[in-house]
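Working notes, beginning with the structure itself.
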Amino acid sequence: MIWLLFGAPGSGKGTQSKLITSSFGFNHLSTGDMFRKHLKEETELGKKAKSYMDKGSLVPDDLVIEMVNSELKTGETVILDGFPRTLEQGKALTALVEKKGIKTGGVIYLDVPEADLTSRLSGRRVCKSCGAVSHVEFSPTKAEGVCDVCGSEVEQRKDDQLDVIKHRLSVYNDQTKPLMSYYEEKGLLKRVEGTGDSKKVFDKVKEILQ
Ligand code: AMP
């Protein structure tokens, strides 16, 4: 079975995915994380994706769909985080799960006002080594610039800079948001108020998953 986590950049999809994974033991498939891994390892796919990611644009649908197709296995429960992001990807996913005989549990939409998204993203820091996420204002590391988990340096993602954030949010509004009505019509969309404490948001997510 698959569950989709849907929402704007900065709506907390990554945080909720981690909470779901540790509570329910589901697999976590984040297309953003997969692309960042390809980038780091300088694979062919990473090289193709880099210019889109740096600008905060979407990687072309065929590359994303192919990557998800090779990762999505029958017989597992998977949280899909950051995919689909266009109507075309949504339709391709519907065809893919039908072909593989995978059920869709639902689409959890983390609803966060746009004003909050920018401050969440611009203050986000990620550990260079273990990937732990902190925030300069909302969840600062104990020592400035040093990861609480492993002691390595934290950094700002290139695409969390203000000008790129603006572009990512407009891409979300133009290309990703139309997917909401696609899933609403299928009766799969479950809206969750995504503001406030992540544990409280998770309580609402849990109710849907249980
Ligand atoms: P994320 O970490 O989910 O915000 O993704 C980071 C970047 O990876 C995005 O800004 C896109 O450039 C790329 N990306 C991730 N998922 C997708 C997707 N489903 N379709 C196209 N591009 C994606």
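Of all residues in the range 178-199, those that are more than 16 Å from the ligand (Cβ to nearest atom) and assigned to a helix (DSSP H, G or I) total 5.
For the range 114-138, residues that are of a type outside the set (Ser, Thr, Tyr) and open to solvent by 40 Å² or more (accessible area, probe 1.4 Å) total 12. When Gln175 is tested against (1) open to solvent by 40 Å² or more (accessible area, probe 1.4 Å); (2) in a loop (DSSP other than H, G, I, E, B), just one condition goes unmet, and that condition is (2). Check Leu96 against each of (1) in contact (Cβ under 8 Å) with a residue 24 or more places away in the chain; (2) crowded, with 20+ Cβ neighbours inside 10 Å and name the one condition it does not meet. Every listed condition holds for Leu96 apart from (2). Would you confirm whether or not the range 151-169 contains a residue that is over 17 Å from the mean Cα position of the chain (by Cα), surrounded by 13 or more Cβ atoms within 10 Å (Cβ to Cβ), more than 16 Å from the ligand (Cβ to nearest atom) and acidic (Asp, Glu)? No: the range 151-169 contains no residue that is over 17 Å from the mean Cα position of the chain (by Cα), surrounded by 13 or more Cβ atoms within 10 Å (Cβ to Cβ), more than 16 Å from the ligand (Cβ to nearest atom) and acidic (Asp, Glu).
The values are calculated or read from the model by the stated rules, or taken from the named source; none is laboratory data. Keep in mind the model is a prediction, meaning the values are calculated, not measured. Virtual Cβ from ideal backbone geometry, glycine too; neighbours counted across all protein chains shown. Each accessible area value is taken on the protein alone, full model and side chains, heavy atoms only, with ligands, DNA and RNA left out. Shrake-Rupley method; radii C 1.70, N 1.55, O 1.52, S 1.80 Å.
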